[in-house]
Amino acid sequence: MALKIRKNKSPEVPNDCPLSACMAAIGGAWTTNILWYLRGGPRRFSELRHDIPGVSAKMLTARLRELEKKYIVDRAVLPTSPPSVEYSLTELGQELLPAIEGIAAVGHKLKMKEIAERKRTGVQKADPSELSQSY
């Protein structure tokens with residue numbers, strides 16, 4: 001006998017789903033890292049490359065341009081010689097920070113559970129450095 005399909009109690013998804021729009025804005029590779037480091041204030045491109053060692057210059061440029069088009073990051077050309085560029089979070093970008101911090105907090109809890117499970121089962125010795133690699 002087949003199981004009865006239960007009625008979904010969630011509200012209907014709007015035609016222009018705001019959750020999808022938000023996730024599309026922050027869902028790209030390295031995007032959350034960029035937002036994380038910009039929360040401390042404006043950063044130059046080279047500073048962001050230093051903050052995020054695994055990202056290539058091409059990828060960082062692409063992500064910053066996408067975030068700028070989505071009004072999450074502001075790009076300011078400074079009147080220096082030679083000219084330099086600083087990136088900062090817009091007001092809209094600032095509003096994303098509690099969500100990013102919440103995701104990081106849940107990620108830390110997941111990591112702790114994984115480490116505890118590995119210790120319990122003896123599958124792999126937990127590396128103490130894993131505990132400090134959270135945002």
Legend entry - Test item: Cα-centred dipole of the chain, Lys/Arg +1 and Asp/Glu -1 on Cβ, debye: 700 debye
Inset, instruction - Round to a whole angstrom and tell me the spacing of the C-alpha centers of region 1-61 and region 90-122. - result: 14 Å
Inset, instruction - Mind checking which lysines have their Cα closer than 20 Å to the Cα of Lys70? Skip sequence neighbours fewer than 8 apart in that chain. - result: Lys58
Legend entry - Cβ-based net charge around Lys58, under 15 Å, with every Lys or Arg adding one and every Asp or Glu removing one: +2
Inset, instruction - Once you've got the GNM for the chain with C-alpha springs shorter than 10 Å, pick whichever of Gly28, Gly122, Gly107 has the biggest mean-square fluctuation. - result: Gly122
Legend entry - Eligible aspartates and glutamates near Lys119 by straight Cα distance, threshold 20 Å, same-chain separation 8 or greater: Asp127, Glu130
Legend entry - region 66-123 - percent relative contact order, Cα under 8 Å, separation 6 or more: 23 percent
Inset, instruction - Quote the relative contact order of region 18-132 in percent (integer), defining contacts as alpha-carbon pairs under 8 Å separated by 6+ residues. - result: 23 percent
Legend entry - Full-extension gain in nm, Leu3 to Arg49, via 0.36 nm per residue minus C-alpha separation: 11.3 nm
Legend entry - Surrounding net charge for Leu35, when Lys and Arg each add one and Asp and Glu each subtract one, Cβ distance under 14 Å: -3
Legend entry - Correct option for Rg and Dmax of the Cα atoms in Å [calculated from the coordinates] among (i) 15.1, 50; (ii) 19.9, 76; (iii) 22.8, 81: (ii)
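Read-outs: derived from the displayed coordinates by stated rules, not from any lab. Computed from a predicted structure; not experimentally measured. Every residue, glycine as well, gets a Cβ built from its backbone with ideal geometry; the counts of neighbours run over all protein chains shown.
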